[in-house]
Amino acid sequence: MVVIRSISRRTVRLLIGLILPIAFLRSAFLVLDSVAPRCLPWRVFGGSDTTVIMEELTSTLLEAININDVDTIKSSHLVPENFRDLVHDMVLNGQDIKYLAFMTKALISEMENRVKKAKWQEYLNWHLASRGVPNGLHCLTLKLAEEYATKAEARKDLFPPHYIYRLTNHSFHHVVLLTDNVLAASVVISTTVNASKHPEKLVFHVFTDKKTYASMHAWFALNAISSAVVEVKGLHQYDWPQEMNMLIKEMLEIQHQLWKYKYPALRITEDLSLEENDHRRDLLSPSATSLLNHLRLYLPELFPGLNKVVLLDDDVIIQHDLSSLWELDLEGNVLGAVFDSNGENFGDYFNFSDPIISAKVDPNSRRWLFGVNIIDLGKWRKTSVTPSYHQWLKQNLDAGFTLWHPPGVLPPALLAFENYVHQLDPSWQESGLGYKNPKLEKHKLEGAAILHFNGPAKPWFEVAPTELETYLFMVGFHVRQDEASKSCCNVVTGNMVICCCAPAICSITI
C-alpha cells in the first residue's frame, strides 16, 4: 500500500508539473489585462500592440530560461509560496512581465526539486522494504529453531552415514551455498535438484552462521532431499588456524569502517542520481558487511578436501541442468563467470583519478558477475588471489576509502581475480532481476539456466515485481502448502501467500 500511495502522489505531481506552465502563461495575460490601466498604456487582449507584447513576453521567458542559478532569483526577490500568492502580488504591486517570468521559473524549479526528492524518498523506502527481513520469514526461522530444540526429528542426520564419503569425493557435483536465509536456501536447492538430469550426483554444502544453524538444519531434516546430499554447517563448527581468524577479523573491520564512512553520504540531495541501479544504494544491503557474503573469498580454506565446486548465490532460481559446468575446461583460470551484458566495466566501479588504480587497472575491463560460478579450488590454492584481496582492502583503507564504490565484496574481488577469470556463455545466467521496473525479455528468461535476482526485491518477497512473479508461476515455480497445522507463518510474495506450518514445514517444489 505504501508503494501504491507513493506512485499515486508522484503521478499527481507530474501532472501538475505539465499543467502549471500552461496555466501560468494563460494567467499572465489575464493578470496583465487586469493591471493594464495602472501600469501599462495598452491592453493585452486588445489594440494593435499585441505583437509587441508577445515579443516582449517571449524575450522575457527566454531570459528566464537562460538563468541557471535559481538562487539568484530567490536572493533578490521573495518567491511566492504558490501560484495564488504570485497572482495576488502581481495585482497588488503592479509587477511587470519580467517579474512574472522569473517568479514562474523559481516556482517551477522549487516544484521540480520537491518531486525529485519525493521520488528519491519513494525509491529509498522501497529499497529499505526489500532489504529488511519480512515478519513471515522471521517467524519461520523462529519456529524452525523451536522444532530443532524440542523434537529429535528436527535434529536428525541429514543423510545416511554411508553417504559421508560423498562430501569430499571428486566424482560428485559439489555445490556451495553461503546463506542465512532458510527459504532462499530451499529455493536454490529444490530448483537445482528438479532441473538436474543427475540429481543423485549433487552434494550441497550449505554454510550458515550460528544463529541460523538450528533453523537451517531443522528445515532440511523435516524436508529431506532424497535424491541428493545436503550438508549444513555453521561458522561455529569450524576450527580455523589463528592466522586465518585474524585475516577474517581484519577484513570485516575494514568493511565496517568503509560502510560507516560511506553511509552518511546516502541522504537526499539535489544532485543525487535517481537511477534504480545506482551503486550507492548498495549501502542499504546487509550483504555489504555480511561475513557470509565475504567468505566466498576463503573457499579454499572452508573446503580443503574439494577441488572443483559451483558457487551459487542465495538469490537465484535454477531452470536448467548445471551438470556440464563441472566438466568445463577453465583453461588454467580459477573462476568461471558470466560477464555483464549491460555494458558495465571497471570504469563504473573504480576511481581512476587515483594513481593507485590508474596505474594497475584497465578501465575497459569488463565486469563479471557472481550468482553462478564454477571454481577450481586446486588452482586457486596455487595463486595469490586471497592475499591480493586483502592487500586491496588495506590500500583502500589507506587511501581514505576512495579507490572504489560501493562497499562490499565485488570491487576488491574484481581486482583480486584479475587475469584468473574464464568467461562463461551468457545463457548460463540472466541477471538484473529484482529491481523495481525490470526489463523483462521472455526469450532470455526462458533460455537462461539461472535467474539471478541481484536487485533488492526477491521473488518470494511482497515487493517483488508482479510481472516477474507471473512468469515464475507460469513456468511452475510455486509452493506446496501444508495444512497439517493451524500455526502458520505467512510469507507474502506479491499476490501469493506461502503458508509455512510446523511441524511439517512448507517446501518449495517445481
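Summary of computed values
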item	result
The range 343-399, subset part of a helix (DSSP H, G or I) and among the acidic types (D, E), residue modelled with the lowest pLDDT	D348
Some residue of the range 328-335 being over 19 Å from L302 (Cβ atoms) and of a type in the set (V, I, T)	no
Selection count, the range 78-101, where residues are among the aromatic types (F, W, Y) and open to solvent by less than 30 Å² (accessible area, probe 1.4 Å)	1
Single match in E231, E243, E253 (criterion: out of contact with any Cys (no Cβ under 9 Å at 6 or more places or on another chain) and closer than 16 Å to E301 by Cβ)	E243
Any hit, the range 317-329, residues being assigned to a strand (DSSP E or B) and under 30 Å from F401 (Cβ atoms)	no
Those residues of the range 221-240 which are open to solvent by 10 Å² or more (accessible area, probe 1.4 Å) and either assigned to a helix (DSSP H, G or I) or free of Cβ contacts under 8 Å to residues at least 12 places away in the same chain (or both), in sequence order	L222, S226, L235, H236, Q237, D239
Meets criteria (at pLDDT 95 or above and open to solvent by 30 Å² or more (accessible area, probe 1.4 Å)) for Q423	yes
Pair list, Cβ under 6 Å, 6 or more apart: the range 365-383 residue at positive phi, other residue assigned to a strand (DSSP E or B)	G371/V316; G371/Q429; G371/H452
Filtered residue count, the range 193-220, keeping only those that are touching a Phe, Trp or Tyr at 6+ places or on another chain (Cβ under 8 Å), surrounded by 21 or more Cβ atoms within 10 Å (Cβ to Cβ) and assigned to a helix (DSSP H, G or I)	4
Flag for Y435 being more than 16 Å from the chain's Cα centre (by Cα), touching a residue at least 60 places away in the same chain (Cβ under 8 Å), farther than 22 Å from L292 by Cα and open to solvent by 30 Å² or more (accessible area, probe 1.4 Å)	no
Filter pass, E418 being surrounded by fewer than 14 Cβ atoms within 10 Å (Cβ to Cβ) and in contact (Cβ under 8 Å) with a residue 40 or more places away in the chain	no
Filtered residues of the range 150-179 (kept if closer than 16 Å to H217 by Cα, touching a residue at least 24 places away in the same chain (Cβ under 8 Å), open to solvent by less than 100 Å² (accessible area, probe 1.4 Å) and part of a helix (DSSP H, G or I))	A154
Residue within the range 193-209 that is touching a strand residue (DSSP E or B) at 6+ places or on another chain (Cβ under 9 Å), polar (S, T, N, Q) and farther than 20 Å from R296 by Cβ present	yes
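Rundown of residues vs (1) closer than 17 Å to L252 by Cα; (2) touching a strand residue (DSSP E or B) at 6+ places or on another chain (Cβ under 6 Å); (3) of a type in the set (D, E), yes/no style:
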residue: S290; (1), (2), (3): yes, no, no
residue: Y298; (1), (2), (3): yes, no, no
residue: D321; (1), (2), (3): no, no, yes
residue: L325; (1), (2), (3): no, yes, no
residue: D329; (1), (2), (3): no, no, yes
residue: V334; (1), (2), (3): no, yes, no
residue: G343; (1), (2), (3): no, no, no
residue: F346; (1), (2), (3): no, no, no
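The values are calculated or read from the model by the stated rules, or taken from the named source; none is laboratory data. Remember, it's a predicted structure, so these values are computed and weren't measured experimentally. Ideal geometry is used to build each Cβ from the backbone, glycine not excepted, and the neighbour counts take in all protein chains shown. Just so you know, the surface numbers come from the protein's heavy atoms only, side chains and all, with ligands and any DNA or RNA stripped out. Shrake-Rupley method; radii C 1.70, N 1.55, O 1.52, S 1.80 Å.
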